[in-house]
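Here the structure is laid out as structure tokens; the discussion comes afterwards.
The values are calculated or read from the model by the stated rules, or taken from the named source; none is laboratory data. All values reported here derive from a predicted model rather than from experimental measurement. All Cβ positions, glycine included, derive from the backbone under ideal geometry; neighbour counts span all protein chains shown. Note: accessible area is taken over every heavy atom of the protein model, side chains too, but ligands, DNA and RNA are not part of it. Shrake-Rupley method; radii C 1.70, N 1.55, O 1.52, S 1.80 Å.
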Amino acid sequence: MSEKRQFRAIKGTRDILPPDSALWNWFERTAREVFETYGFGEIRLPTFEETDLFAKSIGAETDIVSKEMFTWEEGAPVTSQLQKWWISKHLGEFSKADREAVFSDQRPDLVVRRGQTTTVIEFKRRTLSQDSTDQIRRYRKIFAEHFPVGTPARLLFVFAEEPSPFVRQLAEANDVEIEVADIPGYEPRQSIALRPEATAGVARAYIEHGMHTLPGNVKLYYAGPMFRRERPQKGRYRQFYQVGAEVLGQSDAPAIDAEVLEMLLVLFRRVGLANTKLYVNSIGCKECRPKYVELLREELRKVSDKLGPDSQRRIETNPLRVLDSKLPEEQAIIEALPRISDHLCDACREHFAKLKDELKLRGVAYEENWRLVRGLDYYTRTTFEVTAAGLGSQNAVCGGGRYDGLVELLGGPPTKGIGFAIGTDRAILSIQEGANVPKLPGLAVYIAWMGAKTYPTAVAIARKLRDCGLGVELPPEEMKFKKSLGLADKLGARYALIIGEDEVASGTYTLKRLANAEQTKLNENDLLEYLESERRT
Ligand code: AMP
């Protein structure tokens, strides 16, 4: 006999049920509305991407990438799949003896001789890197050394996926032929990860779809689940939700940063998030930050013996993260460390000063926090965080900043970028803990029908009320009057519409407001009109 087992949601994940889910939907809907008034459009991204995308953009040394990603491997090695495919496709064209690897020191994936012609074949997934072009040069050199002048040879690259026009151009310029494989069920060997955040995916999509050619700045927002293998606690989950926005383009004007922050605060005000605090900082650029980081490292080494093991380790791996420390015994030491604001280059200092002027112009209240460095590698210049009330130690509801080099780092054109992510779980928690929980429209009308003859009328009226956008509950089976009204109460309906045989005969129905038991008799037209006007208030 099989054992009866109860399944439960995995630790760190949870179900969001009604009526909470209505609050979630309202929050996300409000975010969409606000973002759209600032000219943002929604991007819907995959929830998983290549692990390398996150490693490269977030940084291999960060906690997120080194410890917290949910990853798995898929597929078979591309080279062996392609080799099998190519040989089976071209088998008739050469004998076994024609196949050989002649370049023993710099072995290409396959070398085939047909009569006089030698074909040197490389198997690729879809791109060429600098390495590949170096390799082409090497092959040509070795070929020239091994074969008499005039021996016909060709270089062939077999791609598993259609390469970009750029790659085709590069191949043509280097006199390389291209063949694209069509392997049924092809799946490359790759490591895939559930996304721990969405900025990397947005940057990947920006490059993939050539969005740099779009007019003006590209403004995108997203909403959805993110995944990090963190230790679950209040406000910290393994599947959590973010709503975020990004601005990508050619400009890094501080007005862009300020408008993004203004938009955030407009949203927070609109959803009634109480006691939010905006902290801003500038962490410099690739000119001034490395110098500051080195200085910080030197100063930290001097006090290393007074720091805990985590901070000690970070002195070498990522000294900026020491500034994040919450350990009470480290606070006095950190306060005495050199501050980035004293070490910004002129351009960064000016950018930060302009940002602060812009925030004042827009009436956005902020506090400077020199220790706000953020955990992710890709940030430059502006960083910010918003905290909210009612969240205990996990009180950050939003984090973000500028990431001017990210798109280029991922192989795209030079691009500026800024964005933020709001932790929806924490935002909702904070709203629920506060005094401004919105009253969302729930069930409007419960139809208490009695007598089989009244049922067709009840069905028809339910449809009409629903067409007006009202939430209606129509009991599927006949119930005693008292029980029916009791259920209407428990379901939290605002009204009960009573339809008995007398009502059907006379064409007037009794509408009972459940909060005060007030009753009104209305014909169908008046009923629809009355309830519709109620819905709008
Ligand atoms: P980050 O992507 O780390 O900058 O986080 C942005 C925001 O997402 C934070 O301010 C939190 O509100 C939220 N967040 C990050 N990690 C978690 C998590 N494990 N559980 C719930 N919310 C999170």
- Query: Quick one: Lys360 ticks every box in (1) among the charged types (D, E, K, R); (2) more than 16 Å from the ligand (Cβ to nearest atom); (3) under 29 Å from Arg236 (Cα atoms) bar one, so which box is it?
  - Reply: (3)
- Message: For segment 376-396, which positions are farther than 20 Å from Cys288 by Cβ and within 11 Å of the ligand (Cβ to nearest atom)?
- Response: Glu385, Val386, Thr387, Ala388, Leu391, Gln394, Asn395, Ala396
- Do we find that Tyr403 is under 30 Å from Met211 (Cβ atoms), out of contact with any Lys or Arg (no Cβ under 7 Å at 6 or more places or on another chain) and surrounded by 22 or more Cβ atoms within 10 Å (Cβ to Cβ) in this structure? yes
- Message: Name the residue that is most open to solvent (accessible area, probe 1.4 Å), counting only residues in segment 126-140 that are assigned to a helix (DSSP H, G or I) and either in contact with a His (Cβ under 6 Å, 6 or more places away or on another chain) or not basic (Lys, Arg) (or both).
- Response: Gln130
- Query: If we scan segment 355-371, do we find a residue that is more than 20 Å from the chain's Cα centre (by Cα), within 28 Å of Tyr292 (Cα to Cα) and open to solvent by less than 10 Å² (accessible area, probe 1.4 Å)?
  - Reply: yes
- Item | When residues of segment 1-37 are limited to those that are in contact with a Phe, Trp or Tyr (Cβ under 9 Å, 6 or more places away or on another chain) and either polar (S, T, N, Q) or without any contact (Cβ under 8 Å) to a residue 24 or more places away in the chain (or both), the one farthest from Arg238 (Cα to Cα) | Glu36
- Those residues of segment 215-273 which are more than 21 Å from the chain's Cα centre (by Cα), closer than 20 Å to Glu36 by Cα and of a type in the set (Gly, Ala, Ser), in sequence order: Gly216, Ala255, Ala258, Gly272
- Task: Could you tell me which numbered condition Leu273 fails, if it satisfies all but one of (1) within 16 Å of the ligand (Cβ to nearest atom); (2) out of contact with any Leu (no Cβ under 9 Å at 6 or more places or on another chain)?
- Result: (2)
- Within segment 264-283, the residues that are hydroxyl-bearing (Ser, Thr, Tyr) and in contact with a helix residue (DSSP H, G or I) (Cβ under 9 Å, 6 or more places away or on another chain) are Thr276, Ser282
- Item | Selected residue (criterion: farthest from the ligand (Cβ to nearest atom)) from residues of segment 410-441 that are buried (at least 22 other Cβ atoms within 10 Å of the Cβ) and more than 21 Å from the chain's Cα centre (by Cα) | Ile431
- Query: Within segment 360-373, which residues are assigned to a loop (DSSP other than H, G, I, E, B), of a type outside the set (A, V, I, L, M) and farther than 21 Å from Gly272 by Cβ?
  - Reply: Asn369, Trp370, Arg371
- Working only within segment 313-332, note down all residues that are surrounded by fewer than 19 Cβ atoms within 10 Å (Cβ to Cβ), touching a residue at least 12 places away in the same chain (Cβ under 8 Å) and in a helix (DSSP H, G or I). Glu316, Thr317, Asp324, Glu329, Glu330
- Query: Do any helices (runs of 4 or more DSSP H) lying entirely in segment 1-84 carry at least 2 residues that are under 29 Å from Met211 (Cβ atoms) and at pLDDT below 95, and which ones are they?
  - Reply: 51-58, 63-67
- Task: Give the residues of segment 172-229 that are open to solvent by 50 Å² or more (accessible area, probe 1.4 Å) and in contact (Cβ under 8 Å) with a residue 60 or more places away in the chain, sorted by residue number.
- Result: Glu187, Arg189, Arg204, His212, Lys219, Arg229
- Item | Check on Val459, more than 16 Å from the ligand (Cβ to nearest atom), among the β-branched types (Val, Ile, Thr), closer than 30 Å to Gly399 by Cβ and surrounded by fewer than 17 Cβ atoms within 10 Å (Cβ to Cβ) | no
- Item | Residue that is modelled with the highest pLDDT, among those in segment 111-120 that are open to solvent by 10 Å² or more (accessible area, probe 1.4 Å) and out of contact with any Asp or Glu (no Cβ under 8 Å at 6 or more places or on another chain) | Thr117
- Taking the options Phe157, Phe123, Phe143, name whichever one is open to solvent by less than 50 Å² (accessible area, probe 1.4 Å) and assigned to a helix (DSSP H, G or I). Phe143
- Task: Considering every residue within segment 376-385, establish whether at least one is within 28 Å of the chain's Cα centre (by Cα), within 25 Å of Met263 (Cβ to Cβ), open to solvent by 50 Å² or more (accessible area, probe 1.4 Å) and of a type in the set (S, T, N, Q).
- Result: no
